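A.B. asks: Handing you a structure now.
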Amino acid sequence: MKHINITAKRLTLYLFGLFFLSAGVSLSIQANLGVSPVSSLPYALTLTTGISIGMMTIAANIMFIVIQIFLSKRFNFRESVVQILIAFLFGFMMDFTLYLIQMMPAPESLLMRFVFVGLSLFVVSFGLLGYFSAKFPLMPYDELTHVISEKFRMQFGKAKVASDLTNVIAAAVICLIFINSPGSIGIGTLLAAYFVGKIVGWMMKKYQQHLIEWTGQRNAIAEEVIETAAPEKETVFEDEFPKPGENPTTL
């Protein structure tokens with residue numbers, strides 16, 4: 001029963017994380033000053049095809065799964081299905097949160113558009129805090145970054161920069177070819193690329209410990225180690241959770 005309760009709390013935290021992630025991206029779309037590097041490609045496809053951002057988010061994430069399989073030369077059916085389910089869930093949330101935010105008055109002045117961008121940075125960061133703290137499977141884009149890091153023996157931070165840069169270039173090329181404008185790329189993209197990681201790091205230092213304790217993950221791991229340890233051996237419990245600020249960031 002205890003482990004069921006822990007899983008339920010982690011799932012709740014994960015879903016809230018995805019919801020706030022999508023809401024943050026939707027705020028940046030409403031600001032119309034460019035979206036984050038991760039969302040730049042799906043939004044570019046939306047601008048050029050007219051298909052909803054949710055559907056294009058699903059399509060882009062399926063493409064990321066295919067690229068993972070191609071680079072790693074490994075196919076795990078269960079992992080792929082889980083990633084596809086996450087992609088569909090996040091795509092649905094993207095359409096839903098954008099619908100909600102578009103019910104608000106659109107920002108008309110440049111000042112209000114920057115206010116929306118600033119708000120989106122904190123909402124995305126809050127979403128990432130819950131998303132990573134829940135310790136559930138990552139979204140396809142984040143998994144792809146891990147595959148790139150392993151494939152090319154790069155530090156994760158460098159692989160993240162390479163992934164984001166490739167995404168932004170692809171989005172810019174698509175927009176320039178089909179709608180003759182930068183489209184999904186703008187000052188908001190640069191602000192997100194620079195500030196989201198810093199804001200998430202600050203939030204993790206202050207709040208991640210409390211979230212992990214609330215879900216009960218740390219106690220569950222400690223109990224599992226004690227239960228499985230041989231009686232004659234002394235077991236030293238080492239915290240498997242990354243230190244605050246060490247999690248990868250995505251949006």
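A.B. asks: Please verify whether ASN61 is open to solvent by 20 Å² or more (accessible area, probe 1.4 Å) and polar (S, T, N, Q), treating the condition exactly as stated.
C.D. replies: Working: open to solvent by 20 Å² or more (accessible area, probe 1.4 Å): no; polar (S, T, N, Q): yes.
So ASN61 does not fit the description; no.
A.B. asks: Any residue at all in the stretch 71-86 that's open to solvent by less than 40 Å² (accessible area, probe 1.4 Å) and free of Cβ contacts under 8 Å to residues at least 24 places away in the same chain? Spell out how you get there, then give the answer.
C.D. replies: So in the stretch 71-86, the residues open to solvent by less than 40 Å² (accessible area, probe 1.4 Å) come out as 71, 80, 83, 86.
Next cut, free of Cβ contacts under 8 Å to residues at least 24 places away in the same chain only: 80.
The answer is yes; a qualifying residue exists.
A.B. asks: Does the stretch 176-209 hold any residues that are over 16 Å from THR48 (Cβ atoms) and of a type in the set (A, V, I, L, M, F, W, C), and which are they?
C.D. replies: ILE187, LEU190, LEU191, ALA192, ALA193, PHE195, VAL196, ILE199, VAL200, TRP202, MET203, MET204
A.B. asks: Follow-up question, since we're still on this one. Quick one: VAL117 ticks every box in (1) under 12 Å from LEU21 (Cα atoms); (2) open to solvent by less than 50 Å² (accessible area, probe 1.4 Å) except a single one, so which number is it?
C.D. replies: Unmet for VAL117, out of (1) under 12 Å from LEU21 (Cα atoms); (2) open to solvent by less than 50 Å² (accessible area, probe 1.4 Å): (1).
A.B. asks: Can you tell me how many residues in the stretch 1-45 are part of a helix (DSSP H, G or I), surrounded by 24 or more Cβ atoms within 10 Å (Cβ to Cβ) and hydroxyl-bearing (Ser, Thr, Tyr)?
C.D. replies: 6
A.B. asks: Could you figure out which of (1) closer than 22 Å to LEU129 by Cβ; (2) of a type in the set (Asp, Glu); (3) assigned to a helix (DSSP H, G or I); (4) modelled with pLDDT under 85 isn't true of GLU143?
C.D. replies: Tallying (1) closer than 22 Å to LEU129 by Cβ; (2) of a type in the set (Asp, Glu); (3) assigned to a helix (DSSP H, G or I); (4) modelled with pLDDT under 85, GLU143 fails exactly one: (4).
A.B. asks: I would also like to ask the following. Test ILE148 against the stated conditions and say whether it is in contact with a Lys or Arg (Cβ under 9 Å, 6 or more places away or on another chain) and in a helix (DSSP H, G or I). Break it down stepwise before answering.
C.D. replies: Details: in contact with a Lys or Arg (Cβ under 9 Å, 6 or more places away or on another chain): yes; in a helix (DSSP H, G or I): yes.
Yes: the conditions hold for ILE148.
A.B. asks: Could you tell me whether VAL173 is open to solvent by 40 Å² or more (accessible area, probe 1.4 Å), more than 23 Å from ILE53 (Cα to Cα) and not small (Gly, Ala, Ser)? Step through it out loud before you land on a result.
C.D. replies: On the way: open to solvent by 40 Å² or more (accessible area, probe 1.4 Å): yes; more than 23 Å from ILE53 (Cα to Cα): no; not small (Gly, Ala, Ser): yes.
When the stated conditions are applied, VAL173 does not pass them.
A.B. asks: Sticking with this one: For the stretch 178-191, which residues satisfy the criterion of being in contact (Cβ under 8 Å) with a residue 24 or more places away in the chain and either open to solvent by 30 Å² or more (accessible area, probe 1.4 Å) or part of a helix (DSSP H, G or I) (or both)?
C.D. replies: Just the residues of the stretch 178-191 that are in contact (Cβ under 8 Å) with a residue 24 or more places away in the chain, to begin with: 178-179, 182-191.
Those that are in contact (Cβ under 8 Å) with a residue 24 or more places away in the chain and either open to solvent by 30 Å² or more (accessible area, probe 1.4 Å) or part of a helix (DSSP H, G or I) (or both): PHE178, ILE179, PRO182, ILE185, ILE187, GLY188, THR189, LEU190, LEU191.
A.B. asks: Sticking with this structure for a sec: Show the residue pairs meeting these rules: Cβ distance below 7 Å; 6+ apart or different chains; first residue within the stretch 112-130 and among the basic types (Lys, Arg); second residue open to solvent by 30 Å² or more (accessible area, probe 1.4 Å) and not in a helix (DSSP H, G or I).
C.D. replies: ARG113/ASN32
The values are calculated or read from the model by the stated rules, or taken from the named source; none is laboratory data. Every value quoted in this text rests on a predicted model; they were computed, and no experiment measured them. Methodologically, a virtual Cβ is constructed for each residue, glycine included, from the backbone with ideal geometry; neighbour enumeration extends over all protein chains shown. SASA here: full protein model, heavy atoms, side chains in, ligands and nucleic acids out. Shrake-Rupley method; radii C 1.70, N 1.55, O 1.52, S 1.80 Å.
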